[in-house]
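The values are calculated or read from the model by the stated rules, or taken from the named source; none is laboratory data. Just so it is clear, the structure is predicted and the values come from calculations on it, not from any experiment. With ideal geometry, Cβ positions are generated from the backbone for all residues, glycine too; neighbour counts draw on all protein chains shown.
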């Protein structure tokens, strides 16, 4: 059974106006429980519109969305529960912080779920640990923290609801390389620990490819491909033609292949490239003996 399934999903903005635009067109996908999916696409490809359908923030113009095989719009009263089940972290979530302490901000979601004080306290503690912040921060004002720390507090606020699906829209936007690696590593660890379904949205395949086991590539409001990460990179040249950057290491090995040096296929991480190069050099050394 798929955690999320879409059936002929369409959404059009501004119907009947001069600004009418189809944002997503005929989307049919199934997202498996416990998977870590990267959603890639250039600006305007439809990826952000798509994820806002997964927790009921947008209602389809046509088509259906199923969470655990239940049509989420069959009964509008269920939408509130859907939003607890599918947690969405928007881009620059630190701008949505509003409470006077880290504890109160992270506790906002669990409190609205109707949990008792002990449950709330436990969830806040676990969430803060998941984003790598010390418990000594609980009584501090979130507005005193650094930009990266605020980002992690905001992410913890969604994690504290313990959603079945965690969606993060450009979770590392605006962060330096070290900050990006830290946030992605924390999300990867959280996924491994909780076994929940995680969707990571980005325009950067360089970042996402290192962490996601499956990639959904959006282009011109439609699904270009949706497959295991290694299979998606079989289409790396087509992806580049769409205006998306594949990892630098992939471009290097694609160029080597064009020049007659075929070391391997679907290379998208430095560690995997290192392994193949060492194997290639080892074989070359054996032949020369």
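Below are the figures for this structure:
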quantity	calculated
Enumeration of residues in segment 69-87 that are surrounded by 15 or more Cβ atoms within 10 Å (Cβ to Cβ), touching a residue at least 40 places away in the same chain (Cβ under 8 Å) and out of contact with any helix residue (DSSP H, G or I) (no Cβ under 6 Å at 6 or more places or on another chain)	84, 85
Unique match (being within 17 Å of residue 222 (Cβ to Cβ) and at pLDDT below 95) among 43, 61	43
Selection count, segment 59-98, where residues are out of contact with any strand residue (DSSP E or B) (no Cβ under 7 Å at 6 or more places or on another chain) and assigned to a helix (DSSP H, G or I)	12
Answer from 98, 90 - the residue that is at pLDDT below 95, assigned by TED's automatic domain parsing to the domain that holds residue 8 and buried (at least 17 other Cβ atoms within 10 Å of the Cβ)	90
Identity of the residue in segment 109-163, assigned to a loop (DSSP other than H, G, I, E, B) and under 18 Å from the mean Cα position of the chain (by Cα), that ends up surrounded by the most Cβ atoms within 10 Å (Cβ to Cβ)	160
Residue ranges of strands (runs of 3 or more DSSP E) in segment 179-231 with at least 1 members under 30 Å from residue 147 (Cβ atoms)	197-202, 214-219
Count - residues of segment 160-181 that are touching a strand residue (DSSP E or B) at 6+ places or on another chain (Cβ under 7 Å) and at negative phi	9
